[in-house]
Structures are given as C-alpha cells and as structure tokens.
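Worksheet: one structure, shown below.
The values are calculated or read from the model by the stated rules, or taken from the named source; none is laboratory data. All values derive from a computational prediction rather than experimental measurement. For neighbour counting, all protein chains shown are included, and Cβ atoms are generated from backbone atoms with ideal geometry for every residue, glycine included. SASA here: full protein model, heavy atoms, side chains in, ligands and nucleic acids out. Shrake-Rupley method; radii C 1.70, N 1.55, O 1.52, S 1.80 Å.
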Amino acid sequence: MSDGIGWLLEPYLVDCVTFASGIPPASLASRLGFVPGQDARPRSAQDAREALGSGARRVARVGEAAGWAFAVEYGDAVGATTGGLAAVSRGGVAAVNFTLTPWSPPSHFQHYLDGAHVTGFGVGEEARRYGAEPGLLVPALEALGVLPSGPQLDRRGMRLTMLAIEDHFGLRLPRRQVLDGKLPMYHLRQHSP
C-alpha cells in the first residue's frame, strides 16, 4: 500500500520528486534526461548517495504508485528545470514536481500539462500562486481551511496543503519503498533536455 505525500515535508528525507501520469517510470527517467545505454538496476537511497560520492552528478530512482510514475532525484540541480518539466509533460502528460526544503521553507510545488505550466507555489505561501491557472487548487485549499491565510502558514497548514495537492491529483508515494527499498536507478545528464 502507498502512503500519501505529506511525509515529504519531513526534513532531509527527499530533496526532489517528480510525478508523471500516463507514462511508465522508464519513460519518466528518459524525459528527465537519463544517460542512454544504461541497464537500470534496483538500488537503495544509500546507493544513490554513494553514486554521487563516486562522481555521478545527478541520479534518479524511479517507480510507480497510484497510476503515476515517480522519480526521486538526487544530486546537483535536483528538480526538473522549467524546460525539463515542460519536456516531461509533453504529449498530454501531467507532471507534478516538488522541490523539498522543509528545513528552509518554502518547498516548491509545480504542475505542468502538455508542455505548459499550469500552476505552482511555495508550500506555505499559497497566496502567491503563478502559472496559467493559478487558482486551480484554490477550492481544495479553501475546503481544508488553508485559504484564506496570512503571508505564511504553520506546519499544520503546510501539511494540509500537501493533503490538498495529494487529493486533487490522486498522488501517493510509498515511503518505505522510497526510503528503505530498492528502485531502478538511472544516471541523469546534468541538465534536463
């Protein structure tokens, strides 16, 4: 069974995760810029950190949960750049990305669809939304009492924001598998295509 995504706000567990609907995990790795010719083998989070210590600049471990492919990214320039998320979402694919910095808020949320930036905001700064549809998640945030809010949310508000995003998109992420299990690992180019 897969957990939700609220645990991503716990410090130092995951720095970046990208979700994509409608494509398998290997295709997500390809769209994030995996180095061709690799035989992706199941690797642990510790293996990913060791790969970085051995000279790799950027790696991703991939899997699937609740109908979404996901990539947990490690290393330099983690997180798909704006162009990278546009590439991940081409061809009608929905992409959701979290760059997680709970020790130094805000963590950032982005949603792309078919190459276009739909919405995004700093988790805890929901009043400052951007993208083509900045109000997309407003009803979900209001239903949970996150909005209206002041300039900054407390930890409870941040968790509720993650719950609103989780429910809206149907996102799940298997905490135990991500932190303690093994997932196929790919070496990625320094910058997303």
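Here Gly145, Gly124, Gly120, Gly135 are screened, and the one residue that is under 17 Å from Ala87 (Cβ atoms) and not acidic (Asp, Glu) is Gly120.
Looking only at residues in the stretch 43-68 that are without any contact (Cβ under 8 Å) to a residue 40 or more places away in the chain and either among the aromatic types (Phe, Trp, Tyr) or part of a loop (DSSP other than H, G, I, E, B) (or both), the one that is farthest from Gly84 (Cα to Cα) is Ser54. A count restricted to the stretch 121-177 and to residues that are without any contact (Cβ under 8 Å) to a residue 24 or more places away in the chain and assigned to a strand (DSSP E or B) stands at 3. Checking each residue of the stretch 6-25 against the condition of being open to solvent by 30 Å² or more (accessible area, probe 1.4 Å), out of contact with any Leu (no Cβ under 8 Å at 6 or more places or on another chain) and of a type in the set (A, V, I, L, M, F, W, C) gives no match. The residue list Asp47, Asp15 contains one member that is of a type in the set (Asp, Glu) and within 12 Å of the chain's Cα centre (by Cα), which is Asp15.
The set of residues from the stretch 32-42 being closer than 22 Å to Arg175 by Cβ and part of a loop (DSSP other than H, G, I, E, B) comprises just one member, Ala40. Just a yes or no: is a residue in the stretch 158-175 open to solvent by 60 Å² or more (accessible area, probe 1.4 Å), under 20 Å from Arg49 (Cα atoms) and at pLDDT 90 or above? Yes: the stretch 158-175 contains one or more residues that are open to solvent by 60 Å² or more (accessible area, probe 1.4 Å), under 20 Å from Arg49 (Cα atoms) and at pLDDT 90 or above. Taking first residues from the stretch 74-97 that are under 21 Å from His168 (Cα atoms) and assigned to a strand (DSSP E or B) and partners that are modelled with pLDDT under 85 and open to solvent by less than 20 Å² (accessible area, probe 1.4 Å), the Cβ contacts under 9 Å between residues at least 6 apart in sequence or on separate chains come to Ala95/Ala80; Asn97/Gly79; Asn97/Ala80.
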